[in-house]
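Every number here is computed from the coordinates shown, using simple stated rules; none is lab data. Given the structure is predicted, the values throughout are model-derived calculations rather than measurements. Positions of Cβ are generated from backbone atoms using ideal geometry, with glycine treated the same way; all protein chains shown enter the neighbour counts.
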Amino acid sequence: MSFDATYQDQKFSAVGSRPVRPDGVDKVTGRARYGADFNMPGQLVARVLRSPHAHARIVRIDTSRAEDLQGVKAVITAADLPDLSEGDQSLYDTLDNCLARTKVFYDGHAVAAVAAIDAKTARTALKRIEVEYEVLPHVVDVDEAIKADAPVLHETIFTEGIEPKPETPSNVANRSEFGHGDVDAGFAEADSIVERSYLTEQTHQGYIEPHACVASFNADDTAELWVCTQGHFVYRQKCANLLGLDVSKLRVTSSEIGGGFGGKTHVWTEPVALALSRKAGRPVKLVMSREEVFRASGPTSATSIDVKIGARGDGTITAATATLRYSCGPYADIWAELGAMTSFACYDLENVKTVGYEVLVNRPKTAAYRAPSAPMAAFAVESSMDELAHKIGMDPVAFRIKNAASEGTRSSYGPVYGPIGIGPTLEAAQSHPHMHSPLETNQGRGMACGFWFNFGGQTCTDLNVNEDGTVTLAVGTVDVGGSRASLSLVAAEELGIPYENVKTVVADTATLGYNDMTDGSRGTFSSSMATISAARNAITVMCERAALTWDIPVEDVVWEDGHAKAVGVKHGNLAPLSIQEIAAVSGKNGGPIAGHSELVADGAGVSFATHICDVEVDPETGATKILRYTVIQDAGKAVHPDYVEGQYQGGAAQGIGWALNEEYVYGADGRLQNPGFLDYRIPVCSDLPMIDTQILEIPNPNHPYGVRGVGETSIVPPLAAIANAVSKAVGVRMSHIPMSPPRILAALGGETEG
Amino acid sequence: MVAVTLWGGLVPFADNQKTIDVEASDIRELFQKLSEQYPGLRRHFKSDVAVVIDGVVYRDNWSKELTEDNEVFLIRRIAGG
Amino acid sequence: MGSIAVSTTINGDNVEFLCQADETLLDVLRDRLGLTGAKEGCGTGDCGACSTIMDDRVVCSCLILGAEAEGRSIETIEGMANGHVLHPLQTKFLEHAALQCGVCTPGFLMAAKALLDTNPDPTEEEIRFWLAGNLCRCTGYDKIVRAVQDAAREMREGLS
């Protein structure tokens, strides 16, 4: 059934308020169950054997001594997961990443797994598996990997997207290009040009909950999977494909999820757990250790980016180019392409060209991390924007306003923009008190803007009106950060009933239709759309029941404030019927009352933000303190403002960690040196000040309430905002992220050496 | 008749054409017609592609109508995090 | 396999269990006693998601051996509320939306409780440094600190 998602201006009674979330009490009492909090009778414990080499051929695996160990119920290798990919490269890559088939491509790549009666037996079994490796030369650096003499990961990869097609294999999987106009002519017209190269190191989403699942393969070839995931329907599809199961035979229940940020949109160990359970004939619990999460799940790309921007004296940009090299791990994907698409997305440019190179390296498979690929590109571009503004003597915010994209601008990645919010966020920044407070020595202020796409996607909801007039709403979009509260507000708004009378739950794959995963900032956007649709369908049913009760035409019934009302003078003596009254007799006049919605929420639009940051750098230690941080972002309509603020603050905090401290450190042997929270240093409570947020509400024309996705954009500006601030504070342009103390000291030291 | 612009990665599969005129009333028909003309594009349409119509990204709604004055772009289906 | 018999007090109740010498208190709570509120985020004492209170001190239960619980008094998140009455910290965390995914929340509540039990009027700086051993990846800590401040204020006013 079609649903009109066009924005309608209206006054809200529930939406926009800040009630306590429905799943809150469980989470503050320890009752909520996450991936590792579930157990099945007779379950076995699984452990995974991982490569200690960055790059090696697997010559031989002998699992017999492990299989002989008492208490071991199954041992598997790639041989137990036959290749069912049928030419689907992405599926094959996932399969190979789950258990290496011929080569290991990174330190931590899985080669075998065991299921045993307890953890101790499983650990002992791992030690008994003999693997003979032929160690190969490795390469972990993105710029080293593109050199002609670099060790090649796949002999079958020949760079796509360049003419003529190369004859020798390389680590550059593909080249992508975006842009329009004539950049050479544009640079010729420029009065000032800045040109600089930037580096960003690899980071991890850093969710506090490691990947965990319980898999149970039954004797009748059905299976169950309890797992922490951002998308249980997606996991079901992937696992079914990899194990050769019908999708309907695999039931996936998503636990509460302890953070994902994109890292739990791909399968890692879940197919392994299912394969172990299939072989052992018992349920298998597989929980990754923190070290395994760092070594063998999906961090971001490391990048190397060259940016050149030219402008006239009046501040008009005449040309802009970016060349972006993004690492993808052992399997090609779209990361460089996304970087090339988003680089100049904030600006209205006559001449622009971006080129992206997807580079294979001996590191774990790159996965999405909150607005994937955009933060690094924004770092490079927004740093150069600042440098150019300074060069022509213009205020950095005014410079951006002058060149900002707006409705009708041809974006640098191709399409023309509809109504967008970058102008308003910049103007709000310009007049924000943060921009005008005084700074002292060793302190600096920086700002930056950022952009990200938002998605809609396939979404289902079931809204059931209980006999007492309360409502149960079942959704299929995993709740990563409090969306159940927002969806309850939306249902309450549509139906005109109190928020407390709505209970929202996340259903499993057997009890609801397909839902896309919670990524692309789509959780609240698309589920709220489906909730509105389902609620309106339920209202239609309730009006029909009222009409039946009153014996009047249904056209004479309207729904207002939680009641069916008869309109028209001739029905003046009919008192309105409440939802409770209608529900109470539902069994007698047609059966249970429900509204369903299965739709594709599309047209989500794009989301812009501007951040302002003050830092203080200690010239003796190189340590940077964040003094003040402000996030200004357009939310369209903030359904539950607390959780919108939470997304802004959380994204900013991750960006701060990325800018100042977080990086994957590799040794000369290609092994990850810091797979733990001690040396992979994310921000702690004492590192940060309060984070101020300003929610702009410029309605999204493609959502009934004007809602825009908000979850990802807030991680895009921080790298540049902080780099711009630090560069001011130390008087040197910082071009290598993270700006950890050694890098700042080197910049300061270099400066004094002249 | 709608003018469709392809992203760089698709151009080689469409005889190196970047902008193609297609007679189509919705996205589904657009993919169908393009696949008939350039069979090499078919596998991309299955899961790789999103359609931008007048600046708005459509990833799933293949019933979305197209009119003559729409600006239609095919871009890579983007992943989020 | 030599199991060790341990006799201890958890949330005010006498509890006895058997465990291996190398099992941590976290393993015992989660796998033997069914108290899954404490979470394993790292297993090396770096994230605080396993925080519990032992003899009035907040500790990382992944760094305590199960056997060390002998004769001690242990508090876990499951015992923080008084029946159905939430502790002010629990209430304030909810009111301030101081949790998003919630996996770090039990650890934060334990640590914050230990703080307010010893220092009922902490400054923002004292709160931040006390909680520096608890990692949160979702919130940026802003609403967590505000919740602790508000709970401290309410607890002080309740006493006077």
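Averaged over the residues of peptide C:88-95, the number of Cβ atoms from other protein chains lying within 10 Å of each residue's Cβ is 3. Bridge orientation summary for the range A:367-524: considering DSSP beta bridges with both residues in this region, about 55 percent are antiparallel. Summing Lys and Arg as +1 and Asp and Glu as -1 over all other residues whose Cβ lies under 13 Å from the Cβ of A:GLY244 gives a net charge of -2. Reported value for the range B:21-80: 78 Å³ per residue, from the convex hull of its C-alpha atoms.
Each peptide among A:334-346, A:66-78 gets the average number of other Cβ atoms lying within 10 Å of its residues, and from highest to lowest they stand as A:334-346, A:66-78.
Phi angles across the range A:82-97 convert, under the Karplus curve 6.51 cos²θ - 1.76 cosθ + 1.60 with θ = phi - 60°, into 3J(HN,Hα) values of x, 6, 10, 6, 6, x, 7, 4, 4, 5, 4, 4, 4, 4, 5, 6 Hz, Gly and Pro given as x. Taken over the alpha carbons of the protein assembly as shown as equal point scatterers, the Debye sum produces base-10 log I(q)/I(0) values at 0.07 Å⁻¹ of -0.60.
Look at the stretch A:482-490: the mean tally of other chain Cβ atoms within 10 Å of its residues' Cβ atoms is 1. Just to be sure I understand: if I project the alpha-carbon convex hull of the range A:609-684 onto a plane and average over all orientations, what area do I get in nm²? Quarter of the Cα hull surface area: 7.3 nm². Computed across the range C:4-78, the Kirkwood hydrodynamic radius from all distinct Cα-Cα pairs reaches 11.9 Å. Taking every DSSP beta bridge that has both ends in chain A, the antiparallel portion is near 75%. Taking amide H as placed 1.01 Å from N in the peptide plane, B:ALA24 has its amide H under 5 Å from the amide H of B:VAL2, each at least 5 places away in sequence or on another chain.
From the Kirkwood radius over Cα pairs of the range A:9-118, Stokes-Einstein at 37 °C and 0.692 mPa s returns a whole-number translational diffusion coefficient of 181 µm²/s.
Protection proxy ranking of A:274-281, A:591-598, by the mean of other Cβ atoms within 10 Å over each peptide's residues and highest first, is A:274-281, A:591-598.
Taken along its principal axes, the alpha carbon cloud of the range A:672-714 reaches lengths of 49, 27, 10 Å, longest axis first.
The average projected area of the range A:223-349, computed from the convex hull of its Cα atoms over all directions, is 11.1 nm². With respect to the cross-link table entries A:LYS353/A:LYS391; A:LYS165/B:LYS18; A:LYS402/A:LYS625; A:LYS147/B:LYS46, which display a Cα-Cα separation exceeding 24 Å? Long pairs (Cα-Cα over 24 Å): A:LYS402/A:LYS625; A:LYS147/B:LYS46. Put simply, the amide H of A:VAL111, placed in the peptide plane, has neighbours under 5 Å in A:LEU49, A:ARG50, A:SER51, A:ALA100, leaving out anything fewer than 5 places away on its chain. For A:ASN218, the residues 5 or more places off, or on other chains, whose built amide H falls under 5 Å of its own are A:ALA223, A:GLU224. Treating chain C as a set of equal point scatterers at the Cα positions, no solvent, please give the Debye-formula log₁₀ I(q)/I(0) at q = 0.10, 0.14 Å⁻¹. Summing over Cα pairs of chain C leads to -0.35, -0.68. Over the range A:138-416, the ratio between the Cα radius of gyration and 2.2 N^0.38 Å evaluates to 1.20. Net charge in the neighbourhood of A:PRO592 (other residues with Cβ under 15 Å of its Cβ; Lys, Arg +1, Asp, Glu -1) is -2.
The range B:1-31 and the range A:424-444 have their alpha-carbon centroids 46 Å apart. Counts of other chain beta carbons within 10 angstrom of each beta carbon in peptide A:251-260 average 3. In chain A, the DSSP-assigned H stretches of four residues or longer account for a calculated mean residue ellipticity at 222 nm of -8000 deg cm²/dmol, using -39500 (n - 2.57) per stretch and the full residue count as denominator.
Distance from the Cα centroid of the range C:22-85 to that of the range A:171-207 is 50 Å (rounded to whole angstrom).
Principal axis extents of the Cα atoms in the range A:284-369, from largest to smallest and rounded to whole angstrom, are 65, 20, 16. Given +1 at the Cβ of Lys and Arg, -1 at the Cβ of Asp and Glu and no other charges, the dipole of the range C:88-159 around its Cα centre is 260 debye to the nearest 20. Per residue, the convex hull around the alpha carbon atoms of the range A:157-293 comes to 214 Å³.
The mean sequence separation of alpha-carbon pairs under 8 Å and at least six residues apart, normalised by the residue count of the range A:329-372, gives a relative contact order of 61 percent.
Based on Cα contacts under 8 Å between residues 6+ apart, chain A shows a relative contact order of 16 percent. Give me the compactness ratio for the range C:88-159, meaning the Cα radius of gyration over 2.2 N^0.38 Å. This ratio for the range C:88-159 stands at 0.98.
Peptide packing for A:513-521, A:426-434 was compared via the average number of neighbouring C-beta atoms within 10 Å per residue; ordered from the highest value, the list is A:513-521, A:426-434. What is the Cα centroid distance between the range A:643-707 and the range A:330-351, reported in whole angstrom? Their Cα centres are 21 Å away from one another. FRET efficiency for the A:SER431 to A:HIS180 pair, using the beta carbon distance and R₀ = 30 Å, is estimated at 0.35. Once the Cα-Cα distance is subtracted from the 0.36 nm per residue extended length, the A:GLU144 to A:ASN589 segment shows a gain of 152.9 nm.
If one puts a single equal scatterer on every Cα of the range A:694-742 and applies the Debye formula without solvent, what log₁₀ I(q)/I(0) results at q = 0.22, 0.27, 0.31 Å⁻¹? One equal scatterer on each Cα of the range A:694-742 leads to -0.81, -1.03, -1.18. Phi angles across the range B:64-77 convert, under the Karplus curve 6.51 cos²θ - 1.76 cosθ + 1.60 with θ = phi - 60°, into 3J(HN,Hα) values of 4, 6, 10, 10, 4, 8, 6, 8, 10, 10, 9, 10, 5, 5 Hz, Gly and Pro given as x.
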